[in-house]
Structure formats: structure tokens, C-alpha cells
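Okay, structure first, notes after.
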Amino acid sequence: MTRPTNPLTHPLHWLAGRSRNSRTPVLGERELAVMHALWHAESKSEGAEAAMLSAQQVLERMTAPTLALSTIQSTLERLCRKSLVARQKQARAYLYRPLLQRQDLISSLLHDISQDIAGGDVAPMVSGFMDYLNTSRDD
């Protein structure tokens, strides 16, 4: 039997259990890792075309080397169905780019946290964030 995960120390588990009125899309760990690869490529490029990656290029940028190309392709397709990633056919492969920007995801998550945990009051969030910053500086 596995122990329940503490949602305060594992934010992805908290995200999966958010309230139904959440504005934020539910992203699994693999989906988030793929989004990170796409965001990173976009931040390093100057034009929209350069920011598009094939599934193979996404796989090459992943830190989990045990993943198969088909797993990345399935994850990218899921992200397309969620309208978080756009795809464009080029020759025999699809190229992908993020539709959801990292800052938009962060803003949406902060909104959800303020609603779900602080009842819309941002003061406890700011206080908690300051505590976090002070604690992380001490480490």
C-alpha cells in the first residue's frame, strides 16, 4: 500500500485535485515536462517558425531518457486536444509550439490558489510567498 502524497509538498498532486471551477488546465508531470521543452525552445528562438519542434526534438530536450518517442507523440497529441499546443504538418512530421505561455499558466495557478485556499484574499498569499523567499534564502 502506498502512502498518500502530501499535496503541500507535491504541487502537481494538488493541481490534479483542484476544484472544478478552476481556470487552469490540468497538466500531468509528463505534459508539464513537454511544455517546459516547448517553452524553452520558444524563449531561445527569434521567430515563430524557429520555435516549432518535432516530437523527436522535444524528446531530445527531455531530461527523462527512458521515454519513447511514441510517448512524447501521445503527450503532444493530448496537449493539442487540450488546446495548449498547436501543430503544423511539415513533410511527414508535425511541428509543435505552445499556445499556453508559461506566464499565463503561472497567473492562472495563482488565481486558483487565491480562490481555493485563501478565498480570493491575496494577503495570505503574499505573506506565504514572502515566507517562502525568506526560507529559500536561508537554505
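Taken together, the values in this text are just the output of simple stated rules run on the coordinates, not laboratory data. Please read these numbers as outputs of a predicted model, since none were measured by experiment. Glycine gets a Cβ as well: all are built from the backbone with ideal geometry, and neighbour counts include every protein chain shown.
What does the C-alpha gyration tensor say about the overall shape of the range 29-98? Classify as rounded when a/c is under 1.5, otherwise prolate if a/b is larger than b/c, or oblate. Here the range 29-98 falls in the rounded category. Exposure proxy for I72, I113: other Cβ atoms within 10 Å of each Cβ, ordered fewest to most, give I113, I72. Kirkwood radius, the range 63-104, all distinct C-alpha pairs, inverse of mean reciprocal distance: 11.3 Å.
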